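Below is one structure, written out as structure tokens, with a few remarks after it.
Here, each number is a calculation from the coordinates, and none is a lab measurement. This one's a predicted model, so the numbers in the text were calculated from it and none came from an experiment. For neighbour counting, all protein chains shown are included, and Cβ atoms are generated from backbone atoms with ideal geometry for every residue, glycine included.
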Amino acid sequence: MHAHERPSVGRTGDTLVALCGLRKEFAARRTSAFGRRRKVVAVDGVEFEIRAGSTFGLVGESGSGKSTIARMILKLERPDAGELSFDGRPLWQQTKAQERDYRRHVQAVLQDPYGALSPRLKVREIVGEPLSAQGRPRAEIDAAVTRLLETVGLANDAGQRYPHQFSGGQRQRIAIARALSVEPRLLVLDEPVSALDVSIRAQILMLLREMQERLGLTYLFVGHDLAIVRYVSAVVGVMYFGRMVELGPADDVLRNPRHPYTRRLVSIASMRQALGAERLTGELPNPLSPPSGCHFRMRCAYATQRCIDEVPMLRESGDEDRVNVPKGRVDVPRGRVGVPTRRVACHYFAEIEAGAKAATGPKAEGA
Amino acid sequence: MLLEIRSLTVAFGPVERPVRAVWDVDLSIDAGEIVGIAGESGSGKTTLCAAIVRNLPRAARVSGEMRFDGRSINAMSASELRQLRGREISMILQNPMTSLDPLFTVGNQLSEVLATRCAVPSGRLRERAVELLRSVHMTAPEHRLRQYPHELSGGMRQRVLIAMAGSTAPKLLLADEPTTALDATIQEEILVLFRELRDRRGTAIAIVTHDLGVIRRICDRIVIMYAGRIVEEGPVATVFSAPRHPYTQALLASVPVLDGDRVQMKSIGGQVPNLADLGDFCAFADRCPNAVDQCRAATPKESASGDRQRVFCWRADELS
């Protein structure tokens, strides 16, 4: 068995990454020398778990905080509050040796395959670099690189060439090969196919799925294309302005969305309604002075006074979605083990779903 | 016919081994029509747009005939071109970063457009600029006027450009990947804006994009390009429900669809060909499941059917 094909440590279905009450703030620039120092809350009390061997899809628009979460998991940003743990150990109490290990266990594949690869290095050097950083011997690196290039479907002579000689899809394969080189357990995929051509996207997504099945990898897949996220994910979390508004099995959430925001996204993506049939009125919230209560209320057709007064908590949305998969089953496709129950952060999702809630029109500030 | 293009070819590189970014393209756009031009990178869709406003690099060799509103674009003088660009044909480019001047505020740049193209008196410039920004759903428009392009997100920059392009009620709007940088809910709003522009002012819109969803959502007609040539063209409803060219079929199958029990997706094998290696044969033959000897020997002829639909495939009639 090749070294990189050994099953990952920790059983499939166990919690690999856990976020609890995670919060991240950024300081905004003062508009004048005497102005108040203001802050933007990029991530506001987010909680979820990523199970080993499965894919967690994080959906949201730009500014929703999904990339900030990815960066915190990559240990590139430090949360201001809350817990973030990997394999049961808090990320921010690691020793030097543990941190070194962690950086090997968690790798990233980012959106821009052009910016991610050094133009001055040959592909062989790029793919082997994480291994040299780990201090592996030359011969081992060479063998690993050859194997990795083959794994991601690149021609044998690819290693001798430079990144500019490859197309976008091929570069993304190189980035994936580099990420896999150190036998990671978690891949953070931040919009990995958004910059690629439509026909190439399918190739890369299939490669990612195949890698997961073969190597037992765990993915955090950050994306905005709902169909693609549903294709790769077992569980999906929908973010809106720093908060998670809906969470649950990907097929359920994206087929039968409950939060008004998710409903809106799904309605657009599935083209269920004609263009402009249902307009989102109201302005996007200003991140410097977010609305009280529910962040979505200013664009929501069902908002009431309660949505202004009270922040809706992410709560379980009913028993009918509870998925009971026996523990220890490993042949479940896409790592659908221990899929969490459906949770929604909306005061009125049940009434809306039952058609018992009349649209009230969006509520403006102070209405 | 607002825009009529006949056998347009744009070639680069050495004469003996030319790279034809656009090769023998015939295309017409009616007034008030929304046409989607689809294709992957390298298919020639962006070059086609640049050719229409004669904004190609000097090295480009152009042949063919282009007529806009009864006048030949090929024969236009520099001053006629200036009148054409911006006032009659507006353009929204792919990269909002490079379309705005980093040294001037958004307010400066909007005012310039309004003053030179729309002859708005200086006293009303600010008010009109705020109106324009509001029309593209910018938050805090008064504040944005004082900001520089680098202070805006990519999506907001694109919205500024859309506001500028729509300010003059052009006859034709060429939009190159106009919504690619935008979020789904905002993208939807922008598409609604495009349609309003067409409905209110009769502006014809050509949307160049790789996002088939956008075309399906807003366009009347779709033109699919592959390796510099048009491979299929027709009404959106017809082409999406019954594509005739194998490339169109493969492209549609590679887009995951959200509805249904499972998300299905098929990938297209192989790579987009090198444009310099193409000769007088079907460029898709190497990746095509139905290719026969004829496909590798000669360029497919147009096979037209009613409803302004046409396809360039030797086997289209036999297989559909």
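At a glance:
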| quantity | calculated |
| --- | --- |
| Candidates B:ALA184, B:ALA304, B:ALA169, ranked by Gaussian network fluctuation over chain B, Cα under 10 Å, top entry | B:ALA184 |
| Efficiency of FRET between A:ALA358 and A:ALA274 - r from beta-carbon atoms, R0 22 angstrom, step 0.05 | 0.50 |
| Listed residues A:ASP80, A:ASP112, A:ASP190, most fluctuating in chain A (Gaussian network, C-alpha, under 10 Å) | A:ASP80 |
| Chain A, helix-only ellipticity at 222 nm - DSSP H runs n ≥ 4, -39,500 (n - 2.57), divided by all residues, nearest 500 | -8500 deg cm²/dmol |
| Between helix A:138-151 and chain A: long-axis angle, C-alpha atoms, 0 to 90°, nearest 10 | 50 |
| Ordering of B:70-83, B:267-280 by packing [mean C-beta count within 10 Å, highest first] | B:267-280, B:70-83 |
| Residues B:MET225, A:MET313 arranged by fewest to most Cβ contacts within 10 Å | A:MET313, B:MET225 |
| Nearest-0.05 FRET efficiency for B:ARG134 and A:THR304, computed from C-beta distance (R0 22 Å) | 0.25 |
| ³J(HN,Hα), Karplus 6.51/-1.76/1.60, whole Hz, each residue of the range B:107-116, x for Gly, Pro | x, 3, 6, 5, 4, 4, 4, 5, 6, 7 |
| Within 10 Å of each Cβ in B:210-223, the average number of Cβ atoms from other chains | 2 |
| Between the range A:127-151 and the range B:275-320, the Cα center-to-center distance that results, in Å | 44 |
| Cα-projected label distance for A:ALA155 with B:ALA304, points at 7 Å along beta-carbon direction, nm | 4.1 |
| Antiparallel DSSP beta bridges within the protein assembly as shown, percent to nearest 5 | 60 |
| Principal-axis tilt of helix A:168-180 within chain A, Cα atoms, nearest 10 degrees | 80 |
| Simple label model, 7 Å out from Cα along Cβ direction - A:ASP101 to B:ASP280, nm | 6.9 |
| Degrees, to the nearest 10: A:96-105 long Cα axis against longest axis of chain A | 90 |
| Sites A:ARG78 and A:ARG29 - FRET efficiency at Förster radius 25 Å, r taken between beta-carbons, to 0.05 | 0.75 |
| Spread of Cα-to-Cα distances over 10 Å intervals beginning at zero, given as percent, for chain B | 6, 25, 32, 24, 11, 3, 0 |
| Rounded Å value of the spacing that divides the Cα centres of the range A:14-68 and the range A:186-245 | 18 |
| Other protein chain Cβ atoms within 10 Å, averaged over every residue that makes up A:190-203 | 5 |
| Debye log10 I(q)/I(0) at q = 0.06, 0.09 Å⁻¹ for the protein assembly as shown, Cα point scatterers | -0.37, -0.87 |
| Per-residue [θ]222 nm for chain B (sum of -39500 (n - 2.57) over DSSP H runs n ≥ 4, rounded to 500) | -9000 deg cm²/dmol |
| For the range B:172-232: rounded, prolate or oblate by the Cα gyration tensor [a/c cutoff 1.5] | oblate |
| Fluctuation leader among B:THR179, B:THR47, B:THR299 - chain B, Gaussian network, Cα springs under 10 angstrom | B:THR299 |
| Within-11-Å neighbourhood charge of A:GLY21 [Cβ basis; K, R +1; D, E -1] | -3 |
| Summed side-chain charge close to A:GLN165 - residues other than A:GLN165 whose Cβ falls under 11 Å, Lys, Arg +1, Asp, Glu -1 | +2 |
| Residue range of chain A that is longest and free of GluC sites (Glu not before Pro) which are both DSSP loop and sparsely packed (at most 13 other C-beta within 10 Å) | A:1-309 |
| Relative contact order (%) - chain A, alpha-carbon pairs under 8 angstrom, separation at least six | 20 |
| Percentage relative contact order, chain B, counting C-alpha pairs under 8 Å, at least six apart | 20 |
| Within chain B: Cβ-based charge dipole about Cα centre, in debye rounded to nearest 20 (Lys, Arg +1; Asp, Glu -1) | 760 |
